[in-house]
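Report on the structure given below.
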Amino acid sequence: MDFLRHILAFNSESPLLFTQFYFWAFFALVFSLFALIMNGRSADGKSRLHLRNVYLLFVSWFFYYKTSGLFLLILAFVTLSDWIIASRIKAAISHHKPQIAKALLALSVTIDLGLLAYFKYAYFFTNMVNDLFGTGFQVFDIFAYIGNGFAEAGRFSVDTIVLPVGISFYIFQVISYTADVYRGRIQPVKNILDFGFYVSFFPQLVAGPIVRAEEFIPQLYKPYRLSRRVFGVAVFWILNGLAKKIIMSDYLAVNLIDRVFDNPLLFSGFENLFALFAYSLQVYADFSGYTDIAIGIAMLMGFYLPMNFNSPYKSQSPQEFWRRWHMSLGRWLKTYLYIPLGGNREIGFGTYFWLSLIAFVSAALTDWWWQILVPFGVFMAGVFVWNKWISQKASIERRKLLYANLNSFITQVLGGLWHGASWNFIIWGGINGIGMIVEKIWRGMNWHVRMVCISLLCGGLWLAVYYTNLPTWRLFAVWASIIWVGTTVRYVYHLCKGSDNRITNGLSTAWAVIQTFTFITFTRLFFRSSSNLDPATANEVAWATAKNMVNQIGGAWSNAIIPDFLWEYRWVVAMFVAGMVIHWLPTNWKRRYRLAFSAMPLWLMVIAVCIAIVVIYQFVTADMQPFIYFQF
Amino acid sequence: MACLAALCMVLPRRIAMGDQELRWPTLAEVLETEETIASQDSLENLGSPETPESPDSPVSTAPKDTVAPVIPKVSVDSVTDSRMFLAAFYASLAESSERVVRVVHYGDSQIEEDRMSQQIREKLQALYGGKGVGLVPLAQTIPTRSVRQELRMNGRFTAPAQGPRRYLVYGPKHDQRTDGLYGVMGQVAVMNDSLVKGSEEITAIVTPLIPTARYSHWRVFADTSVHYTFAGDTVQLSGRGAVYGLSQQSETGVIVDNIPMRGCLGLVFEKIDSAQLSTFYRRENVKLIIMQYGGNAIPFNEKPTTISAIVKGLREQVRYLQACAPEASILFIGPSDMLTQEEGEWITYPMVPYMDQLLRKMALEENIAYFSLYRWMGGAGSMLKWQEIGLAGSDGVHFTRAGARKAGNAVADWMLEGIEN
C-alpha cells in the first residue's frame, strides 16, 4: 500500500524529473500503453488519435500532479478559461463585434498574467511597494485560504505563496493561443480535451520549449508514424540531453561552480573567473539538456517540439545570441511583446509607458532620483521631439534603429523579469538590452570612429583605475584593453587594405564569438538567484555575489596559483573544455553524427545507449572534488 | 531499459580500472525509493554539544559495499559539562566594568567574515559591556560584514592583495617568515618591506557597518618604528616595520577578536613567537582563547591514524597556548558535520565523528572546554538538513551566514548558561 502511495501520490520532495530513474520507469509504462493504443486494431485512425490525445492528456495531468500537487487545479483552470474565452472571441469576430473580441482578449490576458503575477511576483511586488512607500504588507495565499475552507483548517499555510512548477511556461502558451485566435491565425480548438493536451503535454510542461498553438495543435490530428530514423534521432536527443544535464551541468556545478558562487571570497580571481565561464556552460547545458530530452520524448510519441537552443555560444553578437538562446521564449516575446510595442516600425504609448516605469522604479529603489530621472527625462523629451517633428526627415534606417532599440530594450528587461522575480534578473535583462544596442551602434560605425571610441573608453577606464584603483574599473579596463587590441589589429589591417580571405574571416568570426561569449558570461553575474520566495534576500545575496566576484576577479588575481588550480581541478577543467569544444563543433558535424547514430543497426544502438548510460552514471556517482584553498 | 536492467544484474558494482573504478548500481538500488540520510526531522531536535558519542551509535556513513575504515573506540569519560574549565574566564567577567576582558577567537574558514565571533561578541557585550570588533589586519583580504575596510597606499585606493607585504603563519611557504614574528593574529603586514617602490604611507579606513561594531578607541599593534595617527575611522601609518593588527574597541567591557585562518589545521601556533603571544595575552587581559579547528583535516585524511596524529598535534598547540596565556581559559570548538558525495549521494565524511570524539577527549584531558558542533547539529547527515533549509552552503562544509549566526548564537548561549550554572 505504501509503495502504491509512493508511486501515485504527490510528494514535493520527489518530483518527476528527467534525470531520475522513476521518471524513466513512468515513461516506459506510458510509452508501452501508448504503443498498444497506436497499434490497436479495433478503432479507425481518427478514433485512435483521439484516444491517444485523451490518454496523453491524463498522463500529463498525472505527471503534473506528481510534480506540483494540487496546483493541477490552476493548470486546469487556465485551460478551461482560455478555451472558453478563445471560442467566444471567435464568435465575436464572426459576428463582426471586434470591440467585444478585444475586451475578451484583454480579459483572458488579465486572468493569465494575474495568476502569473500572483504566484510568481507577489513577493517581489509586495517588497517593492514596502520599499517605495514604507509599508509593511505581507503576502497572503488566497488559494490556501480557500483550500482551508474545504479541507481541515490550517492544512495549507496562508503565509507563503508557493510557485507552481512550470507556470511561466504554460501561461505563455495559453496567451499565445488566445492571441492567435484573436488575430485569426488559428481556429479555436473544438474539443477541450485536445486543447488541454496542448497546454499540458508533459515533456515540455515544466521547462519548455514554449510551444505556440499554431505549431502544435495541427499535430494533434496528424497520423502517427515513427520511422526507424526518427526513432534513432529521438533516442539521440534523449541521450544528448542526459549527458548535457548530468556531465556538463551537474558535475561542474557540484564540483566547482556552486561553491564559488556560494562564497566567492574563498577563491582567487582566476578561480572566480573560471567558475563564471563554467557557469555559462552549466546554465546552457542544464536548460538545453532538459529541452533536448523533452524534444526526444515528444518525438517518440509523434510530436515535434520546436528547437530551443541552437549552439548559442557560437553567436557573433548579442542580438544573434538571443536568436539562438531559448528560442521559443525569444519568438514568443517578439510576437506578443516586441511587435505589439511597435517593433522597428514605431514607438507609441506602450514604449513611453514602460520606459518611464523602468526609470521611475529604478530611481525609487536606488534612491538616485535626479541622477536617473533628469537624464532620462532629457532623453525621452529628445526622443519625443525627434519622433514627432524631425524623424520624417531622417532616413528610414535611422528611424528603425531607434524604434527597434527602444522596444527591444523593454523586451529584454521584461524578459529578464520573466526569468525570476528579483532585481538581479531585471538588471540582467537591462544589461543584455544595453549590450545589444551598443553592439548594433558599434556595428554601424566606420573603422575610424570605432577606433576613437574604444581608445577613449580604454583611456577613461585606465584613468579611473589610476585614480581609484577599484577592482571594478580594473576589470573593465582589462576587458576594454583586450577589445582595443583586437580593434587595433583589425583597424590596421583595414588601413592596409588587407583583403578578406578564409583565414581572416575565421579569425574575425572567432574574435566576435569570444567577445560575445565573454559579454554573455559577464551578464551571468546577475543570473543566479538564491530564492524565489524572498526577493529581499535574493537581491541581497545576488548583489553580494556579483560584487564579491568582481572584487576578486579585479583585485585578488594571482597568476602563481593558476597552474595549481588547473592541476587540482583537472577533471572539472577537462569537462569544461570538452563541453566548449563540442559546443563549437560545426553544425554539419553535429548533424552528421546525429544521423549516423540514428542510422545504426538496432543492436548497435542498444550497445551505444548502454555504454552512454554507463558513462553518464560514472558522473552521477563521481566522488566530489575536495575543497582546496589556493589563496590565503 | 530491459538491457540496462540486465546490465544491473550482470555487472559487478565496481570494476577496478587502474586508479579509477567503474561503478554500476544493482537492480535493488535502482528500484529502492530515495530517502535522505538526515537523521533528524527538524532543527528543533538539535543534539547536545557536550554529549559524547555513544560507542554503539551508528556513526559510520560509509557507502554500501565500500570497505569502511576501522575506527577505534574512544573512551567516554565522566566529564559531562566541560564548561567547568571556563571558570577563570567566568570569574574575570566581573572586572569587565573596570577594564577590558579579551576573547580571542581563532578558527578556520568557518569563521571568516566575522562569522560566529559576531554572535559571541554581541551576546557578551550586551551583558558585560564593550564596543567594537576588536582586531582586524591592516590589509583585510576577506571582507567582513561587521566593518568595511579600505586601504590606501600613498593616497591611492589599493586592493588588499596588492597592499603591503603580508606574512601568514598558515599560508604557503613563500608567505611565511622564519623569525616567527607573526603577532597574535598569525599574520603580519610589513610596511616598506621592500623599499624598491619608495616609501609607503598607508591609510586604513575601518568603518563600522553594524551597531555593535561602533567603538570608542583605536589600538594599533605594530613595531615601534611604525608611526600612526588617528582621525575618526581612519588611521594613517608611516615608517618601516610590522603591523600586527588594528583594533577598534572600548576601554572596558568584553572585546572579541575574530581571527580566521583559511585552510588551517590549527597546527601553527607553535610557529608564532611565544614572547609576542604571551605579551599580548597578558597586556590585553586575554581571558578566553577559542580554537575552532579540525574541519580542514577531514576531506584529505581517511585513516584514523592520521586523524589521531592531527589531534595529537592540536594537543601540542593547546599546551603551547596554555603556556603563553596561563591565566586564560581555552574553549575548543570541534568541526561541524561535513558532507561529501559518494556514488551520487551526500554522506558525512566517515572521519568526522571520530575526530569529534578524539578532540573532546583531548580537550578534557587538557582541562579545556569543548563544544561539539557536530553533535550539536544532530550528528551524521545533519548538514544535509542544514543545506536544504539554507543554513549550509552547497559544498556541504561551510555554513551560510544564517547557519553561522545560528551556530554562533548556540556557542554563546552555551557559554552564558555556564555562568548561570
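The values are calculated or read from the model by the stated rules, or taken from the named source; none is laboratory data. Note that the structure is predicted; figures quoted are calculated from it, not measured. Please note: Cβ atoms are built from the backbone with ideal geometry, for glycine as well, and neighbour counts cover all protein chains shown.
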Looking at region B:238-277, which of its residues are among the small types (Gly, Ala, Ser) and either free of Cβ contacts under 8 Å to residues at least 12 places away in the same chain or within 19 Å of B:THR178 (Cα to Cα) (or both)? B:GLY241, B:ALA242, B:GLY266, B:SER274, B:ALA275
Select from region A:546-597 the residues that are more than 30 Å from A:LEU470 (Cβ to Cβ), within 14 Å of chain B (Cβ to nearest Cβ) and loosely packed, with under 12 Cβ neighbours inside 10 Å and list them in ascending order. A:ARG570, A:ALA574
Got at least one residue in region A:215-227 being more than 14 Å from chain B (Cβ to nearest Cβ), surrounded by fewer than 21 Cβ atoms within 10 Å (Cβ to Cβ), more than 23 Å from A:LEU566 (Cα to Cα) and of a type in the set (Gly, Ala, Ser)? yes
Given the criterion of a type in the set (Val, Ile, Thr), part of a helix (DSSP H, G or I) and farther than 30 Å from B:ASP395 by Cβ, identify the matching residue among A:ILE247, A:ILE238. A:ILE238
Which is part of a helix (DSSP H, G or I) and closer than 30 Å to A:ASN539 by Cβ, of A:THR160, A:THR126, A:THR135, A:THR79? A:THR126
Determine if region B:309-325 includes at least one residue that is touching a residue at least 60 places away in the same chain (Cβ under 8 Å) and in a loop (DSSP other than H, G, I, E, B). no
Given the conditions (1) buried (at least 24 other Cβ atoms within 10 Å of the Cβ); (2) over 30 Å from B:THR252 (Cβ atoms); (3) not charged (D, E, K, R), and given that B:SER308 satisfies all but one, which numbered condition is not satisfied? (1)
Out of the residues in region A:282-308 that are among the small types (Gly, Ala, Ser) and part of a helix (DSSP H, G or I), state the one that is surrounded by the most Cβ atoms within 10 Å (Cβ to Cβ). A:ALA285
Could you grab me the full set of residues in region B:340-355 that are part of a strand (DSSP E or B) and within 15 Å of B:ASN301 (Cα to Cα)? B:THR340, B:THR348
Considering residues that are of a type outside the set (A, V, I, L, M), under 18 Å from A:ILE347 (Cβ atoms) and either modelled with pLDDT of 90 or more or within 34 Å of the chain's Cα centre (by Cα) (or both), the number found within region A:361-393 is 6
Listed residues B:GLY180, B:GLY155; which is more than 29 Å from the chain's Cα centre (by Cα) and outside the structural domain of B:GLN276 (by TED's automatic domain parsing)? B:GLY155
Hits in region B:177-204 - residues which are in contact (Cβ under 8 Å) with a residue 60 or more places away in the chain, part of a loop (DSSP other than H, G, I, E, B) and out of contact with any helix residue (DSSP H, G or I) (no Cβ under 7 Å at 6 or more places or on another chain): B:ASP179, B:TYR182, B:MET185, B:GLY186
Of the residues that make up region B:156-163, is at least one touching a residue at least 40 places away in the same chain (Cβ under 8 Å) and not in a strand (DSSP E or B)? no
Filtering region A:413-459 down to residues that are under 17 Å from A:TRP322 (Cβ atoms) and of a type in the set (Phe, Trp, Tyr) yields A:TRP418, A:PHE425, A:TRP428, A:TRP442
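To keep it simple, each residue is scored yes or no on (1) more than 30 Å from B:LEU151 (Cα to Cα); (2) surrounded by fewer than 16 Cβ atoms within 10 Å (Cβ to Cβ); (3) out of contact with any Ser or Thr (no Cβ under 7 Å at 6 or more places or on another chain).
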residue: A:VAL452; (1), (2), (3): yes, yes, yes
residue: A:LEU457; (1), (2), (3): no, no, yes
residue: A:LEU463; (1), (2), (3): no, yes, yes
residue: A:TYR466; (1), (2), (3): no, yes, yes
residue: A:TRP473; (1), (2), (3): no, no, yes
residue: A:ILE482; (1), (2), (3): no, yes, yes
residue: A:CYS496; (1), (2), (3): yes, yes, yes
residue: A:ARG502; (1), (2), (3): yes, yes, yes
residue: A:THR509; (1), (2), (3): yes, yes, yes
Selection within region B:278-295 - surrounded by 24 or more Cβ atoms within 10 Å (Cβ to Cβ) and in a helix (DSSP H, G or I): B:GLY295
A:ALA612 is checked against (1) within 14 Å of chain B (Cβ to nearest Cβ); (2) surrounded by fewer than 13 Cβ atoms within 10 Å (Cβ to Cβ); (3) under 30 Å from the mean Cα position of the chain (by Cα) and fails just one. What number does that condition carry? (2)
Taking interchain pairs and intrachain pairs at least six residues apart, which have beta carbon atoms under 7 angstrom, with the first residue in region A:231-256 and among the polar types (S, T, N, Q) and the second crowded, with 21+ Cβ neighbours inside 10 Å? A:ASN240/A:ASP292; A:SER249/A:GLN282; A:SER249/A:ALA285; A:SER249/A:GLY289; A:ASN255/A:VAL572
Across region A:431-450, the tally of residues that are surrounded by 13 or more Cβ atoms within 10 Å (Cβ to Cβ) and over 20 Å from A:LYS400 (Cα atoms) stands at 3
All conditions in (1) in contact (Cβ under 8 Å) with a residue 60 or more places away in the chain; (2) of a type outside the set (S, T, N, Q); (3) within 14 Å of chain A (Cβ to nearest Cβ) are true of B:TYR215 except (3)
Among the residues of region A:560-572, which ones are in contact (Cβ under 8 Å) with a residue 24 or more places away in the chain and either part of a helix (DSSP H, G or I) or more than 32 Å from the chain's Cα centre (by Cα) (or both)? A:ILE561, A:ILE562, A:ASP564, A:PHE565, A:GLU568, A:TRP571, A:VAL572
In region B:144-175, what count of residues is obtained for those that are surrounded by fewer than 20 Cβ atoms within 10 Å (Cβ to Cβ), more than 22 Å from B:GLY241 (Cβ to Cβ) and either touching a strand residue (DSSP E or B) at 6+ places or on another chain (Cβ under 9 Å) or facing chain A (nearest Cβ under 8 Å) (or both)? 3
Subset of region A:331-371, residues in a loop (DSSP other than H, G, I, E, B) and among the basic types (Lys, Arg), comes to A:ARG345
So A:SER168 passes all but one of these: (1) over 28 Å from A:PHE23 (Cα atoms); (2) in a helix (DSSP H, G or I); (3) in contact (Cβ under 8 Å) with a residue 40 or more places away in the chain. Which condition number does it fail? (1)
Counting only residues in region A:259-275 that are in a helix (DSSP H, G or I) and more than 19 Å from A:ARG570 (Cβ to Cβ), the one nearest to the chain's Cα centre (by Cα) is identified as A:PHE261
